[in-house]
Structures are given as C-alpha cells and as structure tokens.
Amino acid sequence: MATLLNANFDQRVVIRPTDYRWVTSPMPGVERMMLDRIGDEVARATSIVRYAPHSAFSSHTHDGGEEFLVLEGVFSDEHQDYPAGTYVRNPIGTTHTPRIGKEGAT
C-alpha cells in the first residue's frame, strides 16, 4: 500500500519547524522531511531534502517531472551546480545523478 501523507488537498495542513521529522533516505547522508506524499520511494511528493557534505544520490528518473528550490549550500548534478536561491524545473522523464560538495545542501 502506498504512503499517503497530507494527500487530501481539501484539508488545510500546517507544519511548523518544531514538527519536522527527518527521515533517512535509501542513500547515506541524505535525509528527507516529507511534507506531502502519495507513493513509496517513487511518489508524487513535496519534501525538504537535506544532503550531508560529499553525499550523493543514485541516478534516477522523474517520471512525473521534478522541481526544486535550493535553500542552502550548492546542489549539483551532472548538468550544473545550483547555488542557494536557485529554482529548477525538470520536465517529465528527466534523469540525473545528484552529487553534493563540501558545503552540503538543503
């Protein structure tokens, strides 16, 4: 059965920093704070992702597309480096391999 977290868009949801619960991902040094999720590892999801310095995530494809906003540090993949404040929207079917430098990234 798929994970359903704040999946009902007819209901108001408020998550305060004191409510944050970081969940380890399948990759070492990568944690997620799940805000909204329908699915398991492959999901329609909104998350805050925290990468430890020098961490990486295996190559993967976003079948539903992907968008992200870098809050801290520098998020990098084989395409480019994205410093804090950068917004990226990748189209459906985009594949990439995140790799994070010495600063880490959120």
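Some observations on this one:
- Some residue of segment 89-106 being modelled with pLDDT under 95, loosely packed, with under 12 Cβ neighbours inside 10 Å and closer than 27 Å to D19 by Cα: no
Conditions (1) in contact (Cβ under 8 Å) with a residue 12 or more places away in the chain; (2) within 13 Å of the chain's Cα centre (by Cα), marked per residue:
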position: L5; (1), (2): yes, no
position: R12; (1), (2): no, no
position: P26; (1), (2): yes, yes
position: E31; (1), (2): yes, yes
position: H60; (1), (2): yes, yes
position: P98; (1), (2): yes, yes
position: E103; (1), (2): yes, no
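- Scan of segment 27-80 for residues that are open to solvent by less than 40 Å² (accessible area, probe 1.4 Å), farther than 17 Å from L4 by Cα, acidic (D, E) and not in a loop (DSSP other than H, G, I, E, B), ordered by number: E66
- Some residue of segment 7-17 being surrounded by 12 or more Cβ atoms within 10 Å (Cβ to Cβ), at pLDDT below 90 and either closer than 20 Å to G85 by Cα or touching a helix residue (DSSP H, G or I) at 6+ places or on another chain (Cβ under 9 Å) (or both): no
The values are calculated or read from the model by the stated rules, or taken from the named source; none is laboratory data. Values in this document were obtained by computation on a predicted structure and should not be read as measured data. Counting neighbours? That spans all protein chains shown, and the Cβs are built from the backbone with ideal geometry, glycine included. With ligands, DNA and RNA removed, areas are computed over all heavy atoms of the protein, side chains included. Shrake-Rupley method; radii C 1.70, N 1.55, O 1.52, S 1.80 Å.
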